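S.K.: This is the structure I have questions about; it appears just below.
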Amino acid sequence: MTQAAPGKHYREGISIIELGEMFPTEKSAVKWFEKLVWADGRYCPRCGCTKTKKAAKTSGLPYYCTGCQQAFSVKIGTALERSKIPLRKWVFAIYLEMTNLKGVSSMKLHRDIKVTQKTAWFMLHRIREAWAGEAKALFEGPVEVDETYMGGKRKNMAKSKRKELTGRGPVGKTAVVGAKDRKTNQVAARVVQSTDAPTLQGFVEGVTSPDAKVYTDEARAYKGMDRDHESVNHSVGEYVREMAHTNGMESFWAMLKRGYQGVYHKISPKHLDRYVAEFAGRHNIREADTMRQMEAVVTRMVGKRIMYQDLTS
Ligand SMILES: [Zn+2]
């Protein structure tokens, strides 16, 4: 395998051998999950009660809630709730997913941790839930905003993109809009149903602070938005005019597309939004060391399930 020198994100990383030493047993993995999920003390994931104790061996689960009188484990109430996969395998799956810049395919995960490919596919989707609907602080700017198109076979995205801007979208492609805060290097991106002015401007206003400086290409859809806005005209070769460029966003799209082609091969429009959120999420914490990245994934997976319960209770 040819691979470039490890990137910056990898320097303070841990090797898979070290990971194996840190998690030699299922018990060690359970401990790690419990520490993250119950950082402020163990509580019942069903009723929130903190009066818990060790469960009777016969329950098959480690803890018992005296409030709702049910046994529970650390998996209950998280994205792993219905998973029968040992938590140790989850540790390795999260590690592989976070240390590969372009993500990991279900085929690779299937081989690496010895689960079926179908199970690997479900595991990766659950890990991706960690990034869904991530609430971010508004970008203070300067902010680059750009759109791209995913899917379909046509190689020349740039031309199809220009066509889209006159109102007719490329057939069979899904639009993705993104913003990057140049100061913090954070990215927000999502699939959009349309690239009309209300949609794109709504996105920009949703992720940027009202006084942020915003750079876009010359797309008509951005004209007149409620931000200090400057655009660059690609079609006349005006690619980089001082600060008015979207190169940061474009390199993010390039990474997203390399992942799409190299790892996932085919992403259905239905799942594309999760992949986009995953790429943005991984991008946003790539400066952190590997363990911090893995911890972030676990705590976000837990948060997701709690939100779901709040909505359905
Ligand atoms: Zn309870």
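The values are calculated or read from the model by the stated rules, or taken from the named source; none is laboratory data. The structure presented is a predicted model; accordingly, all values stated were derived computationally and were not measured. Methodologically, a virtual Cβ is constructed for each residue, glycine included, from the backbone with ideal geometry; neighbour enumeration extends over all protein chains shown.
S.K.: If I ask for residues that are exposed (fewer than 14 other Cβ atoms within 10 Å of the Cβ) and at pLDDT below 90, which ones from the range 166-183 would you list?
M.R.: In the first step, residues of the range 166-183 are kept if they are exposed (fewer than 14 other Cβ atoms within 10 Å of the Cβ); the result is 166-168, 171-172, 183.
Answer for the range 166-183, where residues must be exposed (fewer than 14 other Cβ atoms within 10 Å of the Cβ) and at pLDDT below 90: Thr166, Gly167, Arg168, Val171, Gly172.
S.K.: Do we have any residue at all in the range 87-94 that's among the β-branched types (Val, Ile, Thr) and within 15 Å of the ligand (Cβ to nearest atom)? Lay out the reasoning, then the answer.
M.R.: Residues of the range 87-94 that are among the β-branched types (Val, Ile, Thr), as a first pass: 91, 94.
From what is left, the residues that are within 15 Å of the ligand (Cβ to nearest atom) are none.
Scanning the range 87-94 turns up no residue that is among the β-branched types (Val, Ile, Thr) and within 15 Å of the ligand (Cβ to nearest atom).
S.K.: Working only within the range 33-67, note down all residues that are in contact with a Leu (Cβ under 8 Å, 6 or more places away or on another chain) and surrounded by 18 or more Cβ atoms within 10 Å (Cβ to Cβ).
M.R.: Selection gives Phe33 alone.
S.K.: Please tell me if Tyr222 is within 19 Å of Asp146 (Cβ to Cβ) and at pLDDT below 85.
M.R.: Numbers: within 19 Å of Asp146 (Cβ to Cβ): yes; at pLDDT below 85: no.
No: the conditions fail for Tyr222.
S.K.: Show the residue pairs meeting these rules: Cβ distance below 7 Å; 6+ apart or different chains; first residue within the range 16-45 and within 16 Å of the ligand (Cβ to nearest atom); second residue part of a helix (DSSP H, G or I).
M.R.: Here the result reads Val37/Val302, each pair linking the range 16-45 to a residue that is part of a helix (DSSP H, G or I).
S.K.: Cβ-Cβ under 8 Å, sequence separation 6+ or interchain: first residue in the range 115-126 and in contact (Cβ under 8 Å) with a residue 60 or more places away in the chain, partner assigned to a helix (DSSP H, G or I). Which pairs?
M.R.: That search, which allows pairs on different chains as well, returns His125/His271; His125/Arg274; Arg126/Met301.
S.K.: Does Tyr149 satisfy the criteria of being within 16 Å of the ligand (Cβ to nearest atom) and either assigned to a strand (DSSP E or B) or not assigned by TED's automatic domain parsing to the domain that holds Met255 (or both)?
M.R.: Here the answer is no, as Tyr149 does not meet what is asked.
Here's the yes/no breakdown for (1) surrounded by 20 or more Cβ atoms within 10 Å (Cβ to Cβ); (2) of a type in the set (A, V, I, L, M); (3) farther than 19 Å from Phe33 by Cα; (4) more than 15 Å from the chain's Cα centre (by Cα):
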{"position": "Val91", "(1), (2), (3), (4)": "yes, yes, no, yes"}
{"position": "Ile94", "(1), (2), (3), (4)": "yes, yes, no, no"}
{"position": "Met98", "(1), (2), (3), (4)": "yes, yes, no, no"}
{"position": "Gly103", "(1), (2), (3), (4)": "yes, no, yes, no"}
{"position": "Ile113", "(1), (2), (3), (4)": "yes, yes, no, yes"}
{"position": "Leu124", "(1), (2), (3), (4)": "yes, yes, no, no"}
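S.K.: OK, next. Would you confirm whether or not the range 136-146 contains a residue that is over 24 Å from Thr195 (Cβ atoms), within 17 Å of the chain's Cα centre (by Cα) and at pLDDT below 85?
M.R.: Scanning the range 136-146 turns up at least one residue that is over 24 Å from Thr195 (Cβ atoms), within 17 Å of the chain's Cα centre (by Cα) and at pLDDT below 85.
S.K.: Let me ask something else about it. Take Gly103 and decide whether it is in contact with a strand residue (DSSP E or B) (Cβ under 9 Å, 6 or more places away or on another chain), away from the ligand (no atom under 16 Å from the Cβ) and not assigned by TED's automatic domain parsing to the domain that holds Val276.
M.R.: No; evaluated as a whole, the condition is false for this residue.
S.K.: Something else: Please specify each residue of the range 52-84 satisfying the condition of being more than 16 Å from the ligand (Cβ to nearest atom), under 22 Å from the mean Cα position of the chain (by Cα) and of a type outside the set (Lys, Arg).
M.R.: Result: Ala79, Leu80, Ser83.
S.K.: List the residue pairs whose Cβ atoms are under 9 Å apart, where the first residue sits in the range 189-200 and is in contact (Cβ under 8 Å) with a residue 12 or more places away in the chain, the second is buried (at least 18 other Cβ atoms within 10 Å of the Cβ) and of a type in the set (Asp, Glu), and the two are 6 or more positions apart or on different chains.
M.R.: Matching pairs, first to second residue: Arg190/Asp273; Val191/Asp273; Val192/Glu147; Thr195/Glu147; Thr195/Glu164; Leu200/Glu147.
S.K.: If you don't mind, another one. So, in the range 284-301, how many residues would count as being in contact (Cβ under 8 Å) with a residue 24 or more places away in the chain, part of a helix (DSSP H, G or I) and out of contact with any strand residue (DSSP E or B) (no Cβ under 8 Å at 6 or more places or on another chain)?
M.R.: 11
S.K.: Could you please let me know if Gln70 is under 27 Å from Tyr260 (Cα atoms), surrounded by 13 or more Cβ atoms within 10 Å (Cβ to Cβ) and not small (Gly, Ala, Ser)?
M.R.: Here the answer is no, as Gln70 does not meet what is asked.
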